[in-house]
1. Taking the stated definitions as given, is Ser132 out of contact with any Phe, Trp or Tyr (no Cβ under 9 Å at 6 or more places or on another chain), closer than 30 Å to Glu15 by Cβ and polar (S, T, N, Q)?
2. Would you pick out the residues in the stretch 25-40 that are assigned to a helix (DSSP H, G or I), within 24 Å of the chain's Cα centre (by Cα) and surrounded by 11 or more Cβ atoms within 10 Å (Cβ to Cβ)?
3. Within the stretch 44-77, which residues are among the aliphatic types (A, V, I, L, M) and out of contact with any Asp or Glu (no Cβ under 9 Å at 6 or more places or on another chain)?
4. Would you be able to say whether some residue in the stretch 13-21 is in contact with a helix residue (DSSP H, G or I) (Cβ under 9 Å, 6 or more places away or on another chain), modelled with pLDDT of 95 or more, over 29 Å from Trp59 (Cβ atoms) and part of a helix (DSSP H, G or I)?
5. Among (1) loosely packed, with under 13 Cβ neighbours inside 10 Å; (2) within 18 Å of the chain's Cα centre (by Cα); (3) of a type in the set (A, V, I, L, M, F, W, C); (4) in the same structural domain as Val133 (by TED's automatic domain parsing), there is one condition Ala13 misses while meeting the rest; what is its number?
6. Being β-branched (Val, Ile, Thr) and part of a loop (DSSP other than H, G, I, E, B) is the filter; apply it to the stretch 92-136 and report the residue that is surrounded by the fewest Cβ atoms within 10 Å (Cβ to Cβ).
7. Determine which member of the set Leu54, Leu82 is surrounded by fewer than 16 Cβ atoms within 10 Å (Cβ to Cβ) and not polar (S, T, N, Q).
Amino acid sequence: MADDEEGGKAADASEIIAQYQDKKVATLMNDPGIIRNRLKIAATITNAKAYLALQKEGWAFSDFLWQFVGGASQQNKRVSLLDVPAKTTESDAMSRALLEAGFKFVGSTICYSLMQASGMVNDHLVECHRHSVLAK
């Protein structure tokens with residue numbers, strides 16, 4: 001699927017979520033299929049609004065996030081799990097920028113986890129077979 005299609009789907013979902021009112025929140029609080037934490041539900045609504053605001057400012061969300069690694073995956077050479085940090089200066093900067101943009105629940109550790117999961121950083125140990133595959 002093309003990136004613009006994915007961005008369009010995210011924008012569509014964000015537009016829907018950004019409109020949620022108290023009645024929808026009450027329904028969600030009774031949904032056993034999700035984490036029923038009122039603060040997290042409210043944060044999801046707030047984050048949808050912040051996402052849409054970034055788009056209005058001309059940002060593609062992907063570009064906004066990738067700016068913190070200079071647009072390219074960081075290839076780390078970790079030899080021990082003890083070498084893998086919980087956060088970095090880049091994830092600190094991402095967290096600050098997201099918070100300034102109005103996002104919630106976006107601490108530095110969460111941001112670094114996102115960076116690892118999305119391939120912005122390669123924290124596979126050098127002995128792991130995936131390290132060299134991802135380093136290409």
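1. no
2. Val25, Leu28, Met29, Arg38, Lys40 - these are the residues of the stretch 25-40 that are assigned to a helix (DSSP H, G or I), within 24 Å of the chain's Cα centre (by Cα) and surrounded by 11 or more Cβ atoms within 10 Å (Cβ to Cβ).
3. Ile45, Ala50, Ala53, Leu54, Leu65, Ala72
4. no
5. Among (1) loosely packed, with under 13 Cβ neighbours inside 10 Å; (2) within 18 Å of the chain's Cα centre (by Cα); (3) of a type in the set (A, V, I, L, M, F, W, C); (4) in the same structural domain as Val133 (by TED's automatic domain parsing), Ala13 violates only (4).
6. Going through the qualifying residues, I end up with Val126.
7. Answer to the selection: Leu82.
Residue-wise test of (1) among the charged types (D, E, K, R); (2) in the same structural domain as Val133 (by TED's automatic domain parsing).
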residue	(1), (2)
Lys40	yes, no
Gly70	no, yes
Asp83	yes, yes
Met94	no, yes
Lys104	yes, yes
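The values are calculated or read from the model by the stated rules, or taken from the named source; none is laboratory data. Everything quoted here is computed from the prediction, not taken from an experiment. Quick reminder, even Gly has a Cβ in these numbers, built from the backbone with ideal geometry, and neighbours come from all protein chains shown.
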